[in-house]
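What follows is a short report on a single structure.
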Amino acid sequence: MGLILASLSAATKVVGDQFKEVVKCPASDQKGVIIQRGVVEHGSGNLNPTEGVISAGSKIIVPQGMAMMIVENGRVVEFSAEPGEFIWDNSSEPSIFTGKLGKSIIDSIKTIGQRITYGGHPAKDQRVYYVNIKTITGNAFGSQQPEVVADPLYGSVEVTYNGEFSFRVDDPVILVNGYIGTNPVDTVTFDDIFTNEGENQLKSKFAQKISEAIARVMTEEQVPFNLIQTKKSAITDVMNDLLDEEWREKYGIIVDDVSLRINASEEAKERIAKMDTNYATTKRMSELYGSAKEYAASQGLLNASENANGAMGGFVGYNMAAGAGQAIQGGAVAGGAAQPAGKKCPNCNADNKATAKFCAECGNQFE
């Protein structure tokens, strides 16, 4: 294999205690560094080093949270996302240590990278690159102006939103091949990749797509806007789908997490509060009175007391409401026999229940 773990006994047998070169990831105080070229320190085992060539038997150190690759003439030929110390053996087949990144890295290397030699000898431009594969957090975003979303509960709602997202390099091979290529760049930041003419394309592109992701999740999962914060995972998945071509395929970068805050406009808040109040009142009154008839009667009494045309006009409304409630309740008897007719008093002509034994008005006894 091209890379051999230095802890293996086979490695010590090959190189003994002398390393021709030691390749390390340089420390950097620069913010947002994503790609760095490895620093080569020549050891006592290499008395005549060749510039641009990693000598066989050299030790390459891979820190935690970094992916390392050896690039020959702009193509990736060796790779490790596992931390440790490795010995470089250019006489054998390439070895791939994918770590937590998965087997898709192997496919990327097969597609993009291949060993390039001239007459059996290594190419004259070999470089070691380190890529930061840790999650990058704290990337703020926000809507530049209010947007209208179709809420499944409240209808069209004008909202604004803001929050933070995190992302990471999921495929370092795609990133290095797409950005470095054959350019001899030693340090690359996220801003170098995504800033164009002074505008950070990473954040602006995210902000463009987030409203589309919000709308899709609200529609597909029937989630009202005020509960969309509970759908972080769904929004993250949709964002990766929407940004796949521009982020994943081009730079090997994916969205790791989304934290979202969404607010309605003042006008929308008033409408929503009114809808919520009406719903809560109806639900509570129905539970309290236990039937449509009783609830309608209570509403009629309330309306009658507030009627500007006087009590008589108000109680006409009450009788109509009570009648409506009775009609609703009577609907439950649909398909059954008609209600029994009442009886008139022969003495005063008053209406009484069919089962009455005495007149409710004059006290006359029925036969």
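The values are calculated or read from the model by the stated rules, or taken from the named source; none is laboratory data. What you see is a predicted model; the values in this text were computed from it and never measured. Note that each Cβ is placed from the backbone with ideal geometry, even for glycine, and that neighbours are counted across all protein chains shown.
Take the residues in the stretch 254-289 that are hydroxyl-bearing (Ser, Thr, Tyr) and surrounded by fewer than 13 Cβ atoms within 10 Å (Cβ to Cβ), then tell me which one is modelled with the highest pLDDT.
First, the residues of the stretch 254-289 that are hydroxyl-bearing (Ser, Thr, Tyr): 259, 265, 277, 279, 281-282, 286, 289.
The next check asks that each one be surrounded by fewer than 13 Cβ atoms within 10 Å (Cβ to Cβ); those that pass are 277, 279, 281-282.
Numbers: 277: 85, 279: 73, 281: 74, 282: 72.
Within the stretch 254-289, the match that is modelled with the highest pLDDT is 277.
Scanning the stretch 242-252 for residues that are out of contact with any Lys or Arg (no Cβ under 7 Å at 6 or more places or on another chain), crowded, with 17+ Cβ neighbours inside 10 Å and closer than 16 Å to residue 204 by Cβ yields a count of 2. Scanning the stretch 136-166 for residues that are in contact with a Leu (Cβ under 8 Å, 6 or more places away or on another chain) and more than 16 Å from residue 229 (Cα to Cα) yields one hit, 139. Taking the stretch 219-236, which residues are crowded, with 16+ Cβ neighbours inside 10 Å and over 26 Å from residue 268 (Cα atoms)? Hit for the stretch 219-236 is 236, nothing else.
Could you tell me which residue of the stretch 342-367 is surrounded by the fewest Cβ atoms within 10 Å (Cβ to Cβ), considering only residues that are polar (S, T, N, Q) and part of a loop (DSSP other than H, G, I, E, B)? Reasoning before the result, please.
Here is the first cut: in the stretch 342-367, the residues polar (S, T, N, Q) are 347, 349, 352, 355, 364-365.
Then drop every residue that is not part of a loop (DSSP other than H, G, I, E, B), which leaves 347, 349, 355, 364.
Numbers: 347: 13, 349: 10, 355: 8, 364: 14.
Filtering first and then ranking leaves 355.
Every listed requirement among (1) among the aliphatic types (A, V, I, L, M); (2) under 26 Å from the mean Cα position of the chain (by Cα); (3) modelled with pLDDT of 80 or more is met by residue 128 save one, (2). Would you check if residue 180 is modelled with pLDDT of 90 or more, outside the structural domain of residue 72 (by TED's automatic domain parsing) and in contact with a strand residue (DSSP E or B) (Cβ under 9 Å, 6 or more places away or on another chain)? No: the conditions fail for residue 180.
The condition of being at pLDDT 90 or above and either in contact with a strand residue (DSSP E or B) (Cβ under 8 Å, 6 or more places away or on another chain) or over 26 Å from residue 275 (Cα atoms) (or both) holds for residue 166. Against the conditions (1) in contact with a strand residue (DSSP E or B) (Cβ under 6 Å, 6 or more places away or on another chain); (2) in a helix (DSSP H, G or I), residue 276 satisfies every one except (1).
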